[in-house]
Amino acid sequence: MVHSSRSDAFIPHARLATLPFAIATFLGAFLVFQVQPIISKCVLPWFGGTPSVWTTCMLFFQLVLFAGYLYAHLIRTFLTISQQAYLHTSLLVVACLTLPIEPSIDWKPDSASSPVFQLLCLLAVHVGLPYFVLSSTGPLVQSWLSTQAPANNVYRLYALSNAGSLAALLSYPFLFEPMLSVSSQSFLWSCLFICFVVVQCIVVIKTSGRKRTATETTFESTLELTDSLCWNRVGSWIGLSALASTILLTTTNHISQDIAVIPFLWIVPLSLYLISFIIAFDSPKLYHPKLYAAFAIGALAVMHMSAKVPPAPRLIIDAVASIAFMFVVCVLCHGEVARLKPSVKHLTKFYVYLSAGGALGGLFVALFCPSILNDHYEEPVVMTIGASLASVLFFAARNWTGQIYNWRAVGLVRVAAVALPLISIGAATQISTPNRIKTERNFFGVLRVENHSGNRTLVHGTTIHGLQRKAPHQAQPTTYYGMHSGVAKLLTAKGDNKAIKVCGVGLGCGVLATYGRNGDRFDFIEINPAVVRVATEHFSFLSESAAQIQSHLGDGRSVLEGMQSQRFDLIVLDAFSSDSIPAHLLTVEAFQLYQKRITEHGMLAVHVSNKHLDIAPLVHRLAGHCGWTSKLLVSSGSV
């Protein structure tokens, strides 16, 4: 009885002793995932507001996360507790000297030649070191805690870190983004980082001052003998985490490409990705592979059936089904990883392999696919692998509530992980496209030039961005620049012979240039160099225009800011990525800039047609804020 009372009395004290570890874990994870939307929103307007901005940022964060986990593993392996404490404290102090994280205007790119490299360099300079020390927090704190409580339950701190990450993501679009400017967000984040450093120093002091006991040494020696790491176990950690990372990024790209490039659409999939970690590591009883596999197969079926639904509801159905499929596949991946997790002896090594898989997924989506593949072939490939994983686990699991498998069936997962990507990519690239003249993919998306009965079209993503009729009608304006369009009426309304200056934000295939007369000047701003090449090489609108044509390579908003001496009679805003317009071009600040760049009697024309979103009310409100009179002109368009 005496022994029991002492144990009960010790429990509150033990919980209190581990409180700094829990606070450091939660706050570190909060800051790690709070900085991602903050810094991404800072640089989004500078790099054209494309989905690839978020993908590249995610690649950077995944690579630095891997570096942080590797650093944690190396110092745990080769340094004593005291040496780890001194080194890590020094890095924390140096990281504070790099604050604040908001990049200065000097980092604005002056061209779009290598946006991936420029963006990675910017992130490395401004958030590299703070993010590095934050990313090492999880494995380091768990490692230090294991010296006081050497048991597998320290993995629950990993679930706590994901809860902190989830709190950061969910609070950003509803609390921080609408209430604070980007500069204020950066300042608040920097203050919280300093608070984190203080808490981390308390953890370091508590850890470095404690001596290891003989019992703990014997315990870890026993683990080393009984908990071996075979190649197929390590391969499963890497492969499953890579699949989860890849499906997260491809799903985010998919919904951003056709809706809008805004933080909210980045945060929803990433939040569900984190919830899958929480389910796997904090509440393994909630992981029922057969049930989740059935949900994945059902979500995939809904996605295929949505193709027969009218366009209006199709977007919602497809987006919800895609995100649901991503979520359940991530639960399956992380649930299997958690089931195969090692003892605390290999804790930091386990996280290194886990983060390596995430980084490989980021490299695959952000660098490999745009460089090697000329279309979004990775989407069906990843969906095929995810569906195969779900199917195998569904048939391998022996009941709906447990994790008991037919191991021979589970072995098929490894075969599928190797064979299916090769088969899917091979099949996708061999699909016959007889009408396609050219396909080009880069940081800004996929462009296709197609020939339909002699008429050439420019397609970006899933949307037609221009059409040129065959001779002898090749000089006629078409589609949303037809003779009955709003732009045609504005230019025709001039009605005199006075030369005009027009600025087109977004080039497309150059249809707008057909309205150019002798003496007129048309300036086109285009961020995608591939669009300029395609418009010049495969369409003749620019070369046959009577006006003086000048092209400017760069983001529309950034280039206009640099045109301080220019005034235009008409600015045509038509910068779309697939079917979504970059959000930073439809803000109060952007409209104030347009107001500065037009003449006293100048006009702004905004292309508001969209398959999924009603942009017109937003444009009316922005125009009213600037004191303009706005009018919606609707035309059927001419082909």
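The values are calculated or read from the model by the stated rules, or taken from the named source; none is laboratory data. Every value quoted in this text rests on a predicted model; they were computed, and no experiment measured them. With ideal geometry, Cβ positions are generated from the backbone for all residues, glycine too; neighbour counts draw on all protein chains shown. Heavy atoms of the whole protein, side chains included, go into the accessibility calculation; ligands, DNA and RNA do not. Shrake-Rupley method; radii C 1.70, N 1.55, O 1.52, S 1.80 Å.
Quick notes on this one:
- Net lengthening on full extension, Met179/Trp400 (0.36 nm per residue, minus Cα-Cα): 75.0 nm
- On the basis of the beta-carbon distance and an R0 of 25 Å, Trp628 and Gln550 show a calculated FRET efficiency of 0.45.
- Ile202 versus Ile437: modelled label distance in nm, points set 7 Å from Cα along the beta carbon direction: 6.7
- Residue order for Arg441, Arg567, Arg436 - accessible surface, 1.4 angstrom probe, largest first: Arg567, Arg436, Arg441
- Among 515-527, 622-634, the order from most to least packed when residues are scored by Cβ within 10 Å on average: 515-527, 622-634
- Between Ala301 and Cys96, the modelled label-to-label distance comes to 5.8 nm, taking each label 7 Å out from Cα in the direction of the beta carbon.
- Lys308-Lys285 FRET efficiency (beta carbon distance; Förster radius 41 Å; 0.05 resolution): 0.60
- Rounded accessible area of Leu175 (nearest 10 Å², 1.4 Å probe): 80
- Local net charge near Arg533, Cβ-Cβ under 15 Å (Lys/Arg +1, Asp/Glu -1): +1
- Asp106/Gln564 FRET efficiency (R0 22 Å; Cβ-Cβ; nearest 0.05): 0.80
- Difference of contour (0.36 nm per residue) and Cα-Cα distance, Val320 to Leu19: 104.5 nm
- Length gained on full extension, His620 to Ile194, computed as 0.36 nm times the residue gap minus the Cα-Cα distance: 149.0 nm.
- Rough spin-label spacing in nm, given labels placed 7 Å along Cα→Cβ, for Phe78 and Met603: 6.9
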